[in-house]
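One structure is given here, and the rest of the page talks about it.
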Amino acid sequence: MRYRSRLGERTPELLEQAGALVIGLAETVDASLERLGPAATLADALGARRRAETIRFSRASLRALLSPEITPGTLLAGGFTLFDVYPASHNQEREGARLELALEFQRLADEQRLIATIGPRTPGGRAFAETEHFSLGYLTLGRSEPEGAEALLRQLALVLALRDHGELEVIFPDTLADVKLPLLGPAASPAAAPRIDATLNLAISADCGQACRFCSVRELAAPTEDDDAQFTRYLADLSESRAKGITRLRLNGYDPLAYPRVAEVLRFAVEIGFDDLHVFSPATLLADAEFCEQLVGIAPAKRQFYVPLYGVDADIHDAVVGTPGAHSKVLRALENLVQLSGPEAVTLITAVTRTAVGELPRLREYARQRGFAFAAHMPYPSSESRSDHFFTECPQQSEVARTLADAGNPLIVRGVAPCVAFREYLSRGIGLRSWLSLDPRMSGVPGAEYRSKAFRHGAGDRDRGAFAASTVECPHASNCALREPCGGELLRAYLERFGSDEFRAVGLTDLLLSVNATPGDPLSCDAGLELRAR
Ligand code: SF4
């Protein structure tokens, strides 16, 4: 037995304590071996179970298999604890696919998360570790592994290996076996269920019928089909999240409104107590007044529709979404929403593309005249591949800021680093006070927000975690006075496309001198800008 950790201080006392710990553990193993008899192995002494039995793979049986070493509340390697066990079923949403489970670990000290997956052993598959019946993998949600992740995964692999053996028979049910369970229980009572400040991101990736220039997501994963398994899973996700206290629902996906049973899903959500709805959709289907009325009629009083618009004129919008006629449908949808829900229920959103970067000032003015909130954000990739449309459609951040500065319109575009905006705006005499937001929801890069613990993902996106774009830490962050409103992270794909010359730390003196430059027009950007490019 060896001690493989590193001592902070190698004092004689600590060395002695570490030595005593090792000897103590070795003696415990010796004692166990003696107690278990001559046929016992080291694995037996460490807690291996070798009974011949049959288990049905489920959340409960997996928890039992890993117990008592890996249970919620037990401090594990790397400082993590087990937070939740749930289905991870990206390619397994169809009936007949075998269940795979995700184990979510969290480390409170630095809010790191690690999601391990355990499913049937797949010959030739890519796995972190394999045992007799299981494959163990993990998801990084677009980031490099957090420190301590490997130690945690090794601990998980060890415990799994100790419990899994040739005498064990494991029945892997299909994914429906898991989702049917919550539906069999009593419906959550809205009054009794607790409330927590979190959002269920229910990705219903029905076909949007558009071909947006900046979006590659439909090329990576086919739209969701309408089948009973999928429908059951949506309802199960809603029930499970509601039971945890979540009342805010974000309907997302390529176009959730194109899902034939969206009204049923929404009605169920409202019935079990979701009372804050955010709908992200191209919105073209809301041009149908009857359908719009049906959805608004079901939606809770607290609702917000995020409607993408890329140009005030039809030719620009239609060019960006690659769909002739889309602009006129969006305008009709806006009329319907205003009539049924009022302008305050609408946020116009736009992803800034090379095709339409010049439209930003006009779009903002259009939103202001119509009484809509307005939010702009930079595009982000749907994958890390160079073939992603992000690489051809993303404009340079300084070009975006320069366009707005030239128009005297210092808009906050989420994803334009504050240091880049700062220099462009200041060169036109536009002071910091007129554009900088200290709202934490405006910091950070778009495309990485789904890493936040404030989002829980529906089954279709759990394994993908919803895609979270890879980020790297800005090398200047530690010297930058704008680090806090910025978030200090940069999109890896952006750096690959444009390099890092635009990003330079802003010193405190520069910042103070700029505060009272010519006051501009303060941005009334709606604070709840939970955006996702589409
Ligand atoms: S932290 Fe880096 S990217 Fe962010 S504002 Fe400062 S220099 Fe720019």
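Taking segment 389-408, which residues are more than 21 Å from GLY444 (Cα to Cα) and surrounded by 19 or more Cβ atoms within 10 Å (Cβ to Cβ)?
Listed by number, the residues that qualify are HIS389, THR403, ALA405.
Residues being outside any loop (DSSP other than H, G, I, E, B) and either in contact with a Pro (Cβ under 9 Å, 6 or more places away or on another chain) or within 29 Å of ALA319 (Cα to Cα) (or both): count how many of those fall in segment 202-236. Even if it seems obvious, please write down each step before you answer.
Residues of segment 202-236 outside any loop (DSSP other than H, G, I, E, B): 202-203, 217-220, 228-236.
Checking the rest, the ones that are also either in contact with a Pro (Cβ under 9 Å, 6 or more places away or on another chain) or within 29 Å of ALA319 (Cα to Cα) (or both) come to 202-203, 217-220, 233, 235-236.
Within segment 202-236, residues that are outside any loop (DSSP other than H, G, I, E, B) and either in contact with a Pro (Cβ under 9 Å, 6 or more places away or on another chain) or within 29 Å of ALA319 (Cα to Cα) (or both) number 9.
Find the residue count for segment 389-424, including only residues that are assigned to a helix (DSSP H, G or I), closer than 23 Å to PRO475 by Cβ and not basic (Lys, Arg). Please lay out each step first, then the result.
We begin by selecting, within segment 389-424, every residue assigned to a helix (DSSP H, G or I); these are 390-393, 397-406, 418-424.
Cutting the leftovers down to closer than 23 Å to PRO475 by Cβ gives us 390-391, 397-401, 418-424.
Right, trim to not basic (Lys, Arg) and you get 390-391, 397-401, 418-422, 424.
Qualifying residue count, segment 389-424: 13.
Which numbered condition in (1) loosely packed, with under 15 Cβ neighbours inside 10 Å; (2) at pLDDT below 85; (3) under 22 Å from the mean Cα position of the chain (by Cα) is the only one that PRO194 fails?
(3)
Name every residue in segment 397-410 that is modelled with pLDDT of 90 or more and within 19 Å of ILE349 (Cα to Cα), in order of residue number.
Answer for segment 397-410, where residues must be modelled with pLDDT of 90 or more and within 19 Å of ILE349 (Cα to Cα): GLN397, VAL400, ALA401, THR403, LEU404.
Filtering segment 473-483 down to residues that are part of a helix (DSSP H, G or I) and within 6 Å of the ligand (Cβ to nearest atom), which residue is nearest to GLY431 (Cα to Cα)?
Here is the first cut: in segment 473-483, the residues part of a helix (DSSP H, G or I) are 477-479, 483.
Of the ones still in play, those that are also within 6 Å of the ligand (Cβ to nearest atom) are 477, 483.
Details: ALA477: 22, ARG483: 18 Å.
Once the filter is applied, the top-ranked residue is ARG483.
Output the number of the condition that GLY447 fails; it satisfies all remaining conditions of (1) within 16 Å of the ligand (Cβ to nearest atom); (2) in a loop (DSSP other than H, G, I, E, B); (3) more than 22 Å from the chain's Cα centre (by Cα).
(3)
Filter segment 426-436 down to the residues that are away from the ligand (no atom under 13 Å from the Cβ) and crowded, with 22+ Cβ neighbours inside 10 Å, then identify the one that is farthest from VAL352 (Cα to Cα).
Taking the candidates together, the pick is ILE430.
Which residue is surrounded by the fewest Cβ atoms within 10 Å (Cβ to Cβ), if the candidates are limited to segment 41-66 and must be touching a helix residue (DSSP H, G or I) at 6+ places or on another chain (Cβ under 9 Å) and hydroxyl-bearing (Ser, Thr, Tyr)?
Top of the filtered list is THR41.
Give VAL413, VAL420 a once-over and let me know the one that is under 20 Å from ARG492 (Cα atoms), of a type outside the set (S, T, N, Q), at pLDDT 85 or above and more than 12 Å from the ligand (Cβ to nearest atom).
VAL413
Kindly indicate whether any position in segment 257-275 is under 29 Å from ARG56 (Cα atoms), among the hydrophobic types (A, V, I, L, M, F, W, C) and either surrounded by 18 or more Cβ atoms within 10 Å (Cβ to Cβ) or at pLDDT below 90 (or both).
no
Taking segment 484-506 as the region of interest, how many residues are more than 9 Å from the ligand (Cβ to nearest atom) and closer than 16 Å to PRO395 by Cβ?
Qualifying residue count, segment 484-506: 9.
When segment 248-297 is examined, which residues are found to be part of a helix (DSSP H, G or I), farther than 27 Å from GLY325 by Cβ and not basic (Lys, Arg)?
GLU264, VAL265, PHE268, ALA269, VAL270, GLU271
I'm told LYS329 meets every condition in (1) free of Cβ contacts under 8 Å to residues at least 60 places away in the same chain; (2) closer than 29 Å to PRO379 by Cα; (3) in a loop (DSSP other than H, G, I, E, B); (4) in the same structural domain as ARG370 (by TED's automatic domain parsing) except one. Can you identify the failing condition by its number?
(3)
Run ASP226 past the list (1) surrounded by 18 or more Cβ atoms within 10 Å (Cβ to Cβ); (2) more than 26 Å from GLY447 (Cα to Cα) and report the number of the one that doesn't hold.
In the conditions (1) surrounded by 18 or more Cβ atoms within 10 Å (Cβ to Cβ); (2) more than 26 Å from GLY447 (Cα to Cα), ASP226 misses (1) alone.
If you go through segment 302-321 one residue at a time, do you hit one that is in contact with an Asp or Glu (Cβ under 7 Å, 6 or more places away or on another chain) and over 24 Å from VAL416 (Cα atoms)?
Yes; the residues of segment 302-321 include at least one that is in contact with an Asp or Glu (Cβ under 7 Å, 6 or more places away or on another chain) and over 24 Å from VAL416 (Cα atoms).
Please specify each residue of segment 67-99 satisfying the condition of being modelled with pLDDT under 65 and either polar (S, T, N, Q) or surrounded by 13 or more Cβ atoms within 10 Å (Cβ to Cβ) (or both).
SER89, HIS90, ASN91, GLN92, GLU93, ARG94, GLU95
What's the number of the only condition in (1) crowded, with 16+ Cβ neighbours inside 10 Å; (2) closer than 25 Å to ALA299 by Cβ; (3) more than 22 Å from the chain's Cα centre (by Cα) that GLU344 fails to meet?
GLU344 satisfies all of (1) crowded, with 16+ Cβ neighbours inside 10 Å; (2) closer than 25 Å to ALA299 by Cβ; (3) more than 22 Å from the chain's Cα centre (by Cα) except (1).
Quick test of your reading of the structure: ILE316 fulfils all but one of (1) under 19 Å from ALA263 (Cβ atoms); (2) assigned to a helix (DSSP H, G or I). Name the failing condition by number.
(1)
The values are calculated or read from the model by the stated rules, or taken from the named source; none is laboratory data. Small disclaimer: the values here were computed from a predicted structure and weren't measured. Cβ atoms come from the backbone with ideal geometry, glycine included; neighbour counts cover every protein chain shown.
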